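The values are calculated or read from the model by the stated rules, or taken from the named source; none is laboratory data. If you're wondering where the values come from, they're calculated on a predicted model, not measured in any experiment. Reconstructed Cβ throughout: ideal geometry from the backbone, glycine too, with neighbour counts over all protein chains shown. Only protein heavy atoms, including side chains, enter the accessible area calculation; ligands, DNA and RNA are left aside. Shrake-Rupley method; radii C 1.70, N 1.55, O 1.52, S 1.80 Å.
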Amino acid sequence: MDLAAHDQLFERLWSGEAAMEEWSAAVAGGFARSIGDDVIAIHTGYLFGNATAIRTAAGLVLIDTGSRETASQTLAILRDWDDAPVHTVIYTHGHIDHTWGARLLDAEADARGVARPHIIAHRNVLRRFARYDATAELNSLVMGRQFNQPGYTFPGAHRRPDQIYDDALGLAIGGRRLELTHGRGETDDATFVWLPDRRLLISGDFVIWVFPNAGNPRKVQRYAPDWAAALRRMQALEPAVLVPGHGPVIMGAPRVGQVLDDGAAVLESLCEQTLALMNAGRSLNDILHAVAAPREFLAKPYLLAKYDDPEFVVRHIWHLYAGWFDGNPAHLKPAPAGALAGEIAALAGGTARLARRAELLAETGQTRLAAHLIELAAAASPEDTAVQATRAAIYARCMAAETSLIGRAIFATYQREAAARASPSPAGVDGGASGPISRLR
Ligand SMILES: [Zn+2]
């Protein structure tokens, strides 16, 4: 694919005519998108973090390094373009789809007998890597469920930065000026990079061509209000070019401004709605059913709720301001799940009746209610294979009703578990269809 073909595809993406999957397939195998003479964005697919390479008189500056799956491709594209040593690497944040390739750069430098790249990141990247070391098994489990890939193994031995900063850092490398600014959004360790002489913004995962991933159910705290604030700071720079963390480069101040403005506005809306209800003393459950992202934003090709779900973002906003208690006093000191389920099943006239009602609700599209009732039935009679079969069927319906990849993958995990318990056999465990593969974090 040449640049003209790429840009034609971009226009179709921008208008909503083409889906991101088409772009992702077009750049699979690696694509260098030139931005003037001395900068390229390296794409290896939507699901894998972009890298940006900048030529300087001192050597190359690389912003992000590629995913475990595609880092060698990223390096090959870089070397096609320029063979100079990598002088400096900047991590936009510590997620492994952006940092993993650093080990390849170290190995390359060692093989050439030149200095390893000097790696710079926000201070919290070090804290993140320490946390990763402490929770390796948990991360494997969570990621396997988030992406519906049983057996997923989270990598270890994260390449630490050589230099950290706190709020902002100005760099002059080989005659080129770079300004690093810290913000919180998807993570607490994020950096966006600004090249003032080129009006070039490298946003990291503050911009990812999908609804902001600020709600992820199994991840540590995310920061919707800070994310919006960071987008506003970027907007104030009036960039002419934006290299996002994932997806294609956006050219031209009007379009860049629009993407930054819309991303900030939809997060601000969710935060304002949620906080107003929190200040009015409403419970989390009330708020989840009262707050919604404005539809006009969700229709934008760069804000589709295909990955995260705005409802999950509301939960992280609640948690950011109010901790874990959801405002339901029964949840403060809950009974064991089996004991509660036993009481309800007895009142309902038995587990089978609960399961049947759950099935009927699911058949009429009331999958939220159905999930509550079938979990009660399963908790009341954990060995009942018929209940598990109904449970598997209900989670299949929940999956079908779900637009977000993360929501679908989590339901898929429990659908598979229920199917295995419905017909206990070695083939049942972790068998079945595997879902879409993604590497966004
Ligand atoms: Zn990413």
Practice problem: Determine which single condition residue 170 fails, assuming it passes every other condition in (1) in contact (Cβ under 8 Å) with a residue 12 or more places away in the chain; (2) in contact with a strand residue (DSSP E or B) (Cβ under 6 Å, 6 or more places away or on another chain). | Solution: (1)
Quiz item: Of (1) touching a residue at least 24 places away in the same chain (Cβ under 8 Å); (2) more than 16 Å from the ligand (Cβ to nearest atom); (3) under 23 Å from the mean Cα position of the chain (by Cα); (4) not in a strand (DSSP E or B), residue 120 satisfies all except one. Which?
Solution: (4)
Quiz item: Within the stretch 151-162, is even one residue away from the ligand (no atom under 16 Å from the Cβ) and open to solvent by less than 30 Å² (accessible area, probe 1.4 Å)?
Solution: yes
Practice problem: Among the numbered conditions (1) touching a strand residue (DSSP E or B) at 6+ places or on another chain (Cβ under 8 Å); (2) more than 16 Å from the ligand (Cβ to nearest atom), tell me where residue 93 comes up short. | Solution: (2)
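Does the stretch 62-78 contain any residue that is touching a residue at least 60 places away in the same chain (Cβ under 8 Å) and away from the ligand (no atom under 16 Å from the Cβ)?
Within the stretch 62-78 (the criterion being touching a residue at least 60 places away in the same chain (Cβ under 8 Å) and away from the ligand (no atom under 16 Å from the Cβ)), the answer is no, since none of the residues qualifies.
Looking at residue 326, is it surrounded by fewer than 23 Cβ atoms within 10 Å (Cβ to Cβ) and outside the structural domain of residue 44 (by TED's automatic domain parsing)? Let's see the steps before the verdict.
Values: surrounded by fewer than 23 Cβ atoms within 10 Å (Cβ to Cβ): yes; outside the structural domain of residue 44 (by TED's automatic domain parsing): yes.
Judged against the criteria, residue 326 is a match.
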Quiz item: Do any helices (runs of 4 or more DSSP H) lying entirely in the stretch 1-110 carry at least 1 residues that are among the basic types (Lys, Arg) and under 29 Å from residue 297 (Cα atoms), and which ones are they?
Solution: 3-14
Quiz item: What number goes with the only condition from (1) buried (at least 22 other Cβ atoms within 10 Å of the Cβ); (2) over 19 Å from the mean Cα position of the chain (by Cα); (3) free of Cβ contacts under 8 Å to residues at least 40 places away in the same chain that residue 90 does not pass?
Solution: (3)
Quiz item: Is it fair to say residue 315 is part of a helix (DSSP H, G or I), under 30 Å from residue 225 (Cβ atoms) and open to solvent by 80 Å² or more (accessible area, probe 1.4 Å)?
Solution: yes
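Could you tell me whether residue 80 is surrounded by 24 or more Cβ atoms within 10 Å (Cβ to Cβ), among the charged types (D, E, K, R) and assigned by TED's automatic domain parsing to the domain that holds residue 193? I'd like the intermediate steps shown before the answer.
Values: surrounded by 24 or more Cβ atoms within 10 Å (Cβ to Cβ): no; among the charged types (D, E, K, R): yes; assigned by TED's automatic domain parsing to the domain that holds residue 193: yes.
Taking the combined requirement at face value, the residue does not satisfy it.
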Practice problem: Please state which one of 374, 394, 406 is under 32 Å from the mean Cα position of the chain (by Cα), surrounded by 15 or more Cβ atoms within 10 Å (Cβ to Cβ), at pLDDT below 95 and over 28 Å from residue 281 (Cα atoms). | Solution: 406
